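Structure first, commentary second.
The values are calculated or read from the model by the stated rules, or taken from the named source; none is laboratory data. Predicted, not measured: the structure shown is a model, and the values here were computed from it. Note: ideal-geometry Cβ built from the backbone for every residue, glycine included; neighbour counts use all protein chains shown. Protein only, heavy atoms only, side chains kept; ligands, DNA and RNA dropped before computing areas. Shrake-Rupley method; radii C 1.70, N 1.55, O 1.52, S 1.80 Å.
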Amino acid sequence: MAKKGDVVIQIEKCKGCEVCISACPHEVLAMSEEVNSKGYHYAVKVNSACTGCANCAVVCPDAVITVYREK
Amino acid sequence: MIMAENLKNPENLVYEKTKVLTDRVLHYCPGCGHGTAHRMLAEAIDDLGIQEETIGVAPVGCSVLAYYYFDVDMTEAAHGRAPAVATGIKRVMPEKYVFTYQGDGDLAAIGTAETIHACNRGENILIVFVNNGIYGMTGGQMAPTTLENMKSTTSPRGRDVKTMGAPLKITELIAQLPGTYYVARHSVHTPANARKTKRALKKALEYQKEEKGTCFIEVVSNCPSNWKMTPVESNKWMEENMFPFYPLGDIKVPQ
């Protein structure tokens with residue numbers, strides 16, 4: 001079974017470009033309904049299928065995603 | 001979900017922003033490839049452990065403020081002159097790792113002479129060339145690299161090759177010069193491509209240590225604001241239109 005992973009998103013730095021969403025192989029991320037203080041919708045985790053592959057963090061232009069994976 | 005919460009501790013960390021980038025919020029538009037290109041270069045510097053020995057030269061263009069984002073010694077060059085400034089720095093401090101970070105308007109238009117001559121002399125520097133086929137900062141004017149029939153504010157009916165010339169493949173031009181050692185073209189729009197870019201940048205910095213000559217890495221990138229698309233659309237457009245003309249891969253590899 002795939003290892004479990006998790007992501008932490010700095011919502012205040014997110015600009016809502018959605019590049020992470022298409023990079024995620026497990027459809028873990030989506031855009032928020034709410035906006036951050038700059039008015040951008042931000043990436044949020046919508047399920048627990050994350051495997052900690054870090055694809056989202058690698059393509060995030062603003063480096064807002066930190067990734068964890070079980071050892 | 002309880003398990004997921006437990007994961008967030010330092011021993012499970014697999015990816016975080018490199019310390020070679022500062023914590024400043026990037027001024028780039030949402031989805032712009034500059035941010036990822038910055039980070040791949042910063043990670044390459046981090047992996048090699050050369051943060052204290054690296055000196056960067058920032059260009060004029062969207063990435064003019066690159067010195068705010070890289071936590072290495074940096075200077076700013078006049079428009080297009082980054083390779084000349086880098087030449088000076090490298091010659092005075094040959095033990096340092098010196099890179100320039102330039103866009104297509106800076107490197108392929110006003111800086112053509114400096115770029116070509118620095119590469120022809122085989123200066124031991126790394127040139128990172130981010131090509132999005134347009135002048136981003138000034139509002140989307142046609143650049144030398146703008147594709148045929150591509151619309152910009154100064155080619156509103158599309159670039160007409162008869163009157164405006166064909167798009168310039170400066171990377172292929174550079175690759176023919178005897179001074180260049182490693183020339184490659186990559187992109188940063190998907191995880192796989194971003195990782196390839198990082199590997200290429202790392203290799204280029206290693207060659208610099210061995211004093212092999214100029215290394216030139218082009219990063220084909222997007223400009224969602226001036227292409228007037230969403231970031232995801234612009235990446236798709238780039239794959240469909242930019243890559244056929246600017247194919248990715250190694251152009252000149254060490255023999």
Of the conditions (1) within 14 Å of chain A (Cβ to nearest Cβ); (2) out of contact with any Pro (no Cβ under 9 Å at 6 or more places or on another chain), B:Ile55 satisfies every one except a single condition; which number is it?
(1)
Residues in the range A:52-63: is at least one away from chain B (no Cβ under 11 Å), touching a Cys at 6+ places or on another chain (Cβ under 6 Å) and either among the hydroxyl-bearing types (Ser, Thr, Tyr) or surrounded by 23 or more Cβ atoms within 10 Å (Cβ to Cβ) (or both)?
no
Out of the range B:207-255, which residues are within 21 Å of B:Thr115 (Cα to Cα), more than 14 Å from chain A (Cβ to nearest Cβ), open to solvent by less than 10 Å² (accessible area, probe 1.4 Å) and not acidic (Asp, Glu)?
B:Gln208, B:Gly213, B:Thr214, B:Cys215, B:Phe216, B:Ile217, B:Val220, B:Tyr246
Among what's in the range B:123-161 and is open to solvent by less than 10 Å² (accessible area, probe 1.4 Å) and of a type in the set (Ser, Thr, Tyr), pick the residue that is farthest from B:Phe216 (Cα to Cα).
B:Ser155
Does A:Ala43 satisfy the criteria of being in contact with a Cys (Cβ under 7 Å, 6 or more places away or on another chain), free of Cβ contacts under 8 Å to residues at least 40 places away in the same chain and among the small types (Gly, Ala, Ser)?
yes
Condition first: within 9 Å of chain B (Cβ to nearest Cβ) and among the β-branched types (Val, Ile, Thr). Now tell me which residues in the range A:8-34 satisfy that.
A:Val8, A:Val19, A:Ile21
Which of the residues belonging to the range A:9-44 are more than 19 Å from B:Lys17 (Cβ to Cβ), over 12 Å from the mean Cα position of the chain (by Cα) and charged (D, E, K, R)?
A:Glu33, A:Glu34
